[in-house]
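Chemist: I'd like to ask you about the structure that follows.
The values are calculated or read from the model by the stated rules, or taken from the named source; none is laboratory data. Predicted model, so just to flag it, every value in this text is computed and none were measured. Methodologically, a virtual Cβ is constructed for each residue, glycine included, from the backbone with ideal geometry; neighbour enumeration extends over all protein chains shown. Protein only, heavy atoms only, side chains kept; ligands, DNA and RNA dropped before computing areas. Shrake-Rupley method; radii C 1.70, N 1.55, O 1.52, S 1.80 Å.
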Amino acid sequence: MKTMNRRDFIRSGTIGLAGFTILNSCKSHGSIKSGDSVTIDQIKLGKSGLTVARVAMGTGTHGGNKASDMTRLGMEGFVKLANHAFERGITFYDTADSYGSIPYVGEAIKSLPRKKLTLLTKMWTQDDNAEKKDSVEGNIDRYLKEFGTDYIDIVLMHCLMRGDWGKNRTYCMDGLSKAKKAGKIRAIGVSCHNIDALREAAVNPWVEVIMARINPFGTLMDGSPDEIKAILATATANGKGVIAMKIFGEGKNVSDDERERSIRYAIHEANSHCMTLGMTSTAQIDDAVERVMRNRG
């Protein structure tokens, strides 16, 4: 597969990056080295008890209906990409059932050391008043089989868009809590696409991990950058692990200057711990790793 060199990649200004996070005041916990290459380091994810790579490999760019730009690479292409990410220290894989990406990550990690990996997935949920409810236990067991593992590090309720989710998602919350108690999940939480949902997540004691949309441009966010920063400050003060997404506005802010500004913003201002980035080439991975590690200081 032909890849661009870094200079051509930067000149193109057209990368499919879907998210990004970094902690404002976190301390580095070491990094995985691949030859003389710069690699991503590890950080603590709030008080979740997890230590994760500062960058997660997102798998949901233009995702839905069990497909995404990453799964459209085909199994062989995705596995090569995921293994390259691992070699650059990206040991954190961000999936969702709705992306159809769990089996792809499962295939990619077959030859990788499980203890060095962080696996995250997201479950689409239903209102407690819905006539039909998916079995949370059944879904978790299916995810475990598709990943090829006996535990998942993080499971989030996907795409919450109402502030009252803490009252109308108790069926799923109870199911995830039960799975955590059984050792099938290490940390639980929410992915938010609404400012009221995010406000609830920041203070709800059930939540251990939050995925939130934030970038310096306000692109595809749930409020202004200052509003979201303030909510995430509350979340981190409450011990929540915060994963920032849409750091590059889902590919709308990807010029060289915009990427640099976004990364600096995420590192120094976003009140988040780590990031998820949707990348579809080794050149994109290499550029992201170098930028993040150069700006983290």
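Chemist: What does the charge count near SER48 come to, summing +1 for each Lys or Arg and -1 for each Asp or Glu among other residues with Cβ under 13 Å from its Cβ?
Modeler: Numbers: positive: LYS44, LYS47, LYS180, ARG186, LYS240; negative: ASP153, GLU208.
My count for the surroundings of SER48 gives +3.
Chemist: For the pairs LYS44/LYS246; LYS80/LYS167; LYS44/LYS122; LYS132/LYS252; LYS66/LYS132, note any where the Cα-Cα span goes beyond 31 Å.
Modeler: Result: LYS80/LYS167; LYS132/LYS252 exceed 31 Å.
Chemist: What's the carbon and sulfur percent of the stretch 214-282's accessible surface, probe 1.4 angstrom, rounded to a whole number?
Modeler: Values: 930 of 2190 Å².
Roughly 42 percent of what the probe reaches on the stretch 214-282 is carbon or sulfur.
Chemist: Kindly work out what percent of the DSSP beta bridges joining two residues of the chain are antiparallel, to the nearest 5.
Modeler: In the chain, DSSP labels about 20 percent of beta bridges as antiparallel.
Chemist: Rounded to the nearest 500, what is the chain's calculated 222 nm mean residue ellipticity when only DSSP H runs of at least 4 contribute -39500 (n - 2.57) each, over all residues?
Modeler: -10500 deg cm²/dmol
Chemist: Sticking with this structure for a sec: If you roll a 1.4 Å probe over the heavy atoms of the protein chains, what accessible area per residue do you get for the stretch 139-297, in Å²?
Modeler: Accessible area per residue: 36 Å².
Chemist: Please report, as a whole percent, how much of the solvent-accessible surface of the stretch 71-197 comes from carbon and sulfur atoms (probe radius 1.4 Å).
Modeler: 50
Chemist: For the stretch 96-227, what is the Kirkwood estimate of the hydrodynamic radius, computed as the reciprocal of the mean inverse distance between distinct Cα atoms, to one decimal in Å? List each step's numbers first, then the result.
Modeler: On the way: mean 1/r = 0.0643 Å⁻¹.
Taking the inverse mean of 1/r over all distinct Cα pairs, the stretch 96-227 comes out at 15.5 Å.
Chemist: Hey, what's the Kirkwood Rh for the stretch 158-297 if you take every pair of different alpha carbons, in angstrom?
Modeler: Every distinct Cα pair counted, the radius reaches 15.7 Å.
Chemist: Could you order peptides 139-150, 238-249 by the average number of other Cβ atoms within 10 Å of their residues, highest first?
Modeler: 238-249, 139-150
Chemist: If packing is taken as the mean number of other Cβ atoms within 10 Å per residue, what is the order of 207-216, 79-88, highest first?
Modeler: Numbers: 207-216: 26.5, 79-88: 20.5.
So the peptides 207-216, 79-88, ranked by packing, come out 207-216, 79-88.
Chemist: Can you give me the relative contact order of the chain as a percent, contacts being Cα pairs under 8 Å and 6 or more apart?
Modeler: On the way: 685 pairs, mean separation 83.9, N = 297.
Reported as a whole number, the value is 28 percent.
Chemist: Considering the values (1) 22.2, 69; (2) 17.6, 56; (3) 19.3, 60, which represents Rg and Dmax of the Cα atoms in Å as calculated for the structure under consideration?
Modeler: Correct label, based on the coordinates given: (2).
Chemist: Then there is this: To the nearest 20 debye, what charge dipole does the chain have about its Cα centre, counting +1 at the Cβ of each Lys and Arg and -1 at the Cβ of each Asp and Glu?
Modeler: Computed about the Cα centre, the dipole is about 680 debye.
Chemist: Along the Cα→Cβ direction, 7 angstrom out, place labels at ALA130 and ASN83. What is the inter-label distance in nm?
Modeler: For ALA130 paired with ASN83, the spin-label model returns 3.7 nm.
Chemist: Test of understanding: in a Gaussian network model of the chain with alpha carbons linked when under 10 Å, which of GLN126, GLN42, GLN284 would top the mean-square fluctuation ranking?
Modeler: GLN126
Chemist: Mind telling me which of LYS181, LYS229, LYS66 comes out most flexible in a GNM of the chain, alpha-carbon contacts under 10 Å?
Modeler: Most flexible of the set in this elastic network: LYS181.
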